[in-house]
Amino acid sequence: MEKVFGELPAKIGSFTFKDYAPRVFQEIRRDASIDAKEYIKSVCHNNYIEFISNSKSGAFFFFSNDGRYMIKTIEQAESKCLLKMLQGYYLHLKSNPGSMISRFFGLHRVKFRRPVHGRRKYHFVIMQSVFHTSRVLKLEDMQQRMIKRDHQPIK
């Protein structure tokens, strides 16, 4: 897939790019302390790492070259659903900054002049990769948390 998605403009011709709710996703990225230039550098790099999946949906999964983000193709209906939920999702993240819910950092569409793999349009989301973290929990910290959780006084 790297050849297909990494070198499209030269091989396929023109395409259009649509950025859905850019201000909302920009704010979500800002709240996650993501530098705009570093984000663009990571996501727009043309060497993606393909993640092999047996997804029933036939979605393509990729990691950004630095492993910080996961890129997943989605159906148009999923794109519409995310847009409908976006306000509630955004408000949840604002009021729960430590939430463990998946972080979506962008929703986009690429439309090609000629079909690629039988399709002209691809919607995709950019998410925080759960495999890339700057936060490392030590085993002792995890054990202490479990002990505290298991030994709460009964009221």
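Points to keep in mind about this one:
- Candidate set: the range 67-102, residues that are of a type in the set (Phe, Trp, Tyr) and farther than 21 Å from residue 43 by Cα; chosen: the one most open to solvent (accessible area, probe 1.4 Å): 90
- If you go through the range 62-83 and pick out every residue that is assigned to a strand (DSSP E or B) and farther than 21 Å from residue 38 by Cβ, you end up with 2.
- Number of the condition not met by residue 91 [criteria: (1) in a helix (DSSP H, G or I); (2) out of contact with any helix residue (DSSP H, G or I) (no Cβ under 6 Å at 6 or more places or on another chain); (3) touching a residue at least 24 places away in the same chain (Cβ under 8 Å)]: (3)
- Subset of the range 1-26 [aromatic (Phe, Trp, Tyr), assigned to a helix (DSSP H, G or I) and either modelled with pLDDT under 90 or loosely packed, with under 12 Cβ neighbours inside 10 Å (or both)]: 5
- Subset of the range 103-117 [open to solvent by 70 Å² or more (accessible area, probe 1.4 Å) and assigned to a loop (DSSP other than H, G, I, E, B)]: 117
- Cβ-Cβ distances below 7 Å connect the following pairs, each with a first residue in the range 97-121 that is more than 14 Å from residue 14 (Cα to Cα) and modelled with pLDDT of 90 or more, a second residue that is assigned to a loop (DSSP other than H, G, I, E, B) and open to solvent by 40 Å² or more (accessible area, probe 1.4 Å), and a separation of six or more residues or different chains: 103/32.
- Members of the range 122-132 found to be open to solvent by less than 90 Å² (accessible area, probe 1.4 Å), at pLDDT below 85 and not small (Gly, Ala, Ser), listed by number: 132
- Count of the range 80-105 residues which are farther than 14 Å from residue 25 by Cα and in contact with a Leu (Cβ under 9 Å, 6 or more places away or on another chain): 2
- Cβ-Cβ distances below 8 Å connect the following pairs, each with a first residue in the range 27-45 that is in a loop (DSSP other than H, G, I, E, B), a second residue that is polar (S, T, N, Q), and a separation of six or more residues or different chains: 32/128; 45/64; 45/65.
The values are calculated or read from the model by the stated rules, or taken from the named source; none is laboratory data. Note that the structure is a prediction, hence the values are computed from the model and not measured. Note that we place each Cβ from the backbone using ideal geometry, even for glycine, and neighbour counts take in every protein chain shown. Heads up: the accessible areas ignore ligands, DNA and RNA and are worked out on the full protein's heavy atoms, side chains in. Shrake-Rupley method; radii C 1.70, N 1.55, O 1.52, S 1.80 Å.
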